[in-house]
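The values are calculated or read from the model by the stated rules, or taken from the named source; none is laboratory data. The structure presented is a predicted model; accordingly, all values stated were derived computationally and were not measured. Backbone-built Cβ (ideal geometry, glycine too); neighbour counts: all protein chains shown. What goes into the accessible areas is simple: the full protein's heavy atoms, side chains included, and nothing from ligands, DNA or RNA. Shrake-Rupley method; radii C 1.70, N 1.55, O 1.52, S 1.80 Å.
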Amino acid sequence: MGDAYFNIDHGYLEGLVRGFKSGILRDADYQNLIECQTLEDLKLSLQSTDYGNFLANEPSPLAVSTIDDKLKEKLVIEFQHLRNHSLPPLSKFLDYITYSYMIDNIVLLVTGTMHQRPLSELLPKCHPLGSFEQMEAIHVASTPSELYNAVLVDTPLAPYFIDCISEQDLDEMNIEIIRNTLYKAYLDDFYNFCKSMGGSTAEVMCNALAFEADRRAFIITINSFDTELTKDDRYKLYPTCGRLYPDGLASLSRADDYEQVRAVAEYYAEYKALFDGAGNNPGEKTLEDKFFEFEVKLMLDAFMRQFQFGVFYAYVKLKEQETRNIVWISECVAQRHRAKIDSYIHIMP
């Protein structure tokens, strides 16, 4: 795609998303938030940012879940505006971004119905970016094949689900396998789509998706210890579009404990740095937080390149992190547990 032609179809939306990015909270804004004593103070503090009066119509006392819902709602409004004004191939690219939320929603609904939770209670918990028409039919599915035929066959996730239909029934273990199988197929497909676009979009997005694939491989390995998941089954869940493919993934599939996972990371400079100093002791950052910090850096770097679609993906990821930060601070304020209130992920100085 020539840079000269990029602006004809996509220049307005790229400018718009860069404008949205300038409204992301900075360190000074977070300092104001962590000094709040109540959620009402937090609401007033957010009014002086780009969020404005987004909580104005919410009755007191405010709940953290309400703040979370309204943060997501604001992101969805912005995203839908971008999607509604986009032309191919950007429209297809933006659709790809929503697929990960669709996977999470399916897993949430299947898990909830398995525990006899009513749909009326589950649907509001689904992420609005991943909503689709067939979601309400999910309660009829008791096996993966029923889930496919009743719900997924007419959705964009249908091709990703082919490898899951062989699972016998929907229990806790199989649902996690289904989630990771869907994610693997999704990431590999998204990666190939971005690669086929070439240019700066391919460079930025393949880099971002390779990190996401590797992060999932590390997390799947660590979470599989002391479970019934065999090493062969574990290997089948690893996305193959990351830097760990193929040697790193083969080594991860043989790992028996956390130290062996760390040993695999030693061979990759960027991942070695994430594992070094990560821990659950006081004063240490968790591995999950280290991954989040690295992701934020990657996403900010994406904005340094022009005429490419990576900025749209990066913006959604940065807003996701901002939502996690605000919800974390809100929880600490609501529970009067201020010791770790500043343990959020810094985004913009």
Look at residue 92 and say whether it is open to solvent by 60 Å² or more (accessible area, probe 1.4 Å) and either at pLDDT below 95 or under 28 Å from residue 153 (Cβ atoms) (or both).
-> yes
Whichever residue in the stretch 1-20 is aliphatic (A, V, I, L, M) and touching a Ser or Thr at 6+ places or on another chain (Cβ under 9 Å) and, among such residues, is most open to solvent (accessible area, probe 1.4 Å) = 1
Inside the stretch 66-93, the number of residues satisfying the requirement of being in a helix (DSSP H, G or I), polar (S, T, N, Q) and closer than 30 Å to residue 308 by Cβ is 3
State whether the residues of the stretch 98-111 include one that is among the polar types (S, T, N, Q), within 20 Å of residue 186 (Cα to Cα), surrounded by 16 or more Cβ atoms within 10 Å (Cβ to Cβ) and without any contact (Cβ under 8 Å) to a residue 60 or more places away in the chain.
-> yes
Are any of the residues in the stretch 17-37 in contact with a Leu (Cβ under 8 Å, 6 or more places away or on another chain), among the hydrophobic types (A, V, I, L, M, F, W, C) and within 26 Å of residue 89 (Cα to Cα)?
-> yes
Could you list, in sequence order, all residues of the stretch 231-272 that are among the hydrophobic types (A, V, I, L, M, F, W, C), outside any loop (DSSP other than H, G, I, E, B) and open to solvent by less than 60 Å² (accessible area, probe 1.4 Å)?
-> 249, 250, 252, 261, 263, 264, 265
Could you tell me whether the stretch 71-79 includes any residue that is basic (Lys, Arg) and out of contact with any helix residue (DSSP H, G or I) (no Cβ under 9 Å at 6 or more places or on another chain)?
-> no
Which of the residues belonging to the stretch 273-297 are within 30 Å of residue 9 (Cα to Cα) and open to solvent by less than 30 Å² (accessible area, probe 1.4 Å)?
-> 295, 296
How many residues of the stretch 319-345 are open to solvent by less than 50 Å² (accessible area, probe 1.4 Å) and within 24 Å of residue 275 (Cβ to Cβ)? The answer is 5
In the stretch 1-16, what residues are within 19 Å of residue 203 (Cα to Cα) and either in contact with an Asp or Glu (Cβ under 7 Å, 6 or more places away or on another chain) or among the aliphatic types (A, V, I, L, M) (or both)?
-> 1, 4
Looking only at the stretch 43-51, decide whether some residue is in a helix (DSSP H, G or I), open to solvent by 50 Å² or more (accessible area, probe 1.4 Å) and among the polar types (S, T, N, Q).
-> yes
Which of the residues belonging to the stretch 191-207 are surrounded by fewer than 22 Cβ atoms within 10 Å (Cβ to Cβ) and either assigned to a helix (DSSP H, G or I) or in contact with a strand residue (DSSP E or B) (Cβ under 9 Å, 6 or more places away or on another chain) (or both)?
-> 192, 193, 195, 196, 197, 199, 200, 202, 203, 206, 207
Hey, any hits in the stretch 119-126 for a residue that's over 25 Å from residue 236 (Cα atoms), assigned to a loop (DSSP other than H, G, I, E, B) and open to solvent by less than 60 Å² (accessible area, probe 1.4 Å)?
-> yes
Scan the stretch 21-40 residue by residue and report those that are open to solvent by 50 Å² or more (accessible area, probe 1.4 Å) and either over 11 Å from residue 349 (Cβ atoms) or in contact with an Asp or Glu (Cβ under 7 Å, 6 or more places away or on another chain) (or both).
-> 22, 31, 32, 35, 37, 38, 40
Any hit, the stretch 53-65, residues being in a helix (DSSP H, G or I) and in contact (Cβ under 8 Å) with a residue 24 or more places away in the chain | yes
Is there a residue being farther than 22 Å from residue 75 by Cα and modelled with pLDDT of 95 or more anywhere in the stretch 12-20?
-> no
Given (1) more than 19 Å from residue 20 (Cβ to Cβ); (2) in a helix (DSSP H, G or I); (3) open to solvent by 10 Å² or more (accessible area, probe 1.4 Å), residue 147 misses just (3)
Among residues of the stretch 299-318 being in contact (Cβ under 8 Å) with a residue 60 or more places away in the chain and outside any helix (DSSP H, G or I), the residue most open to solvent (accessible area, probe 1.4 Å) is 306
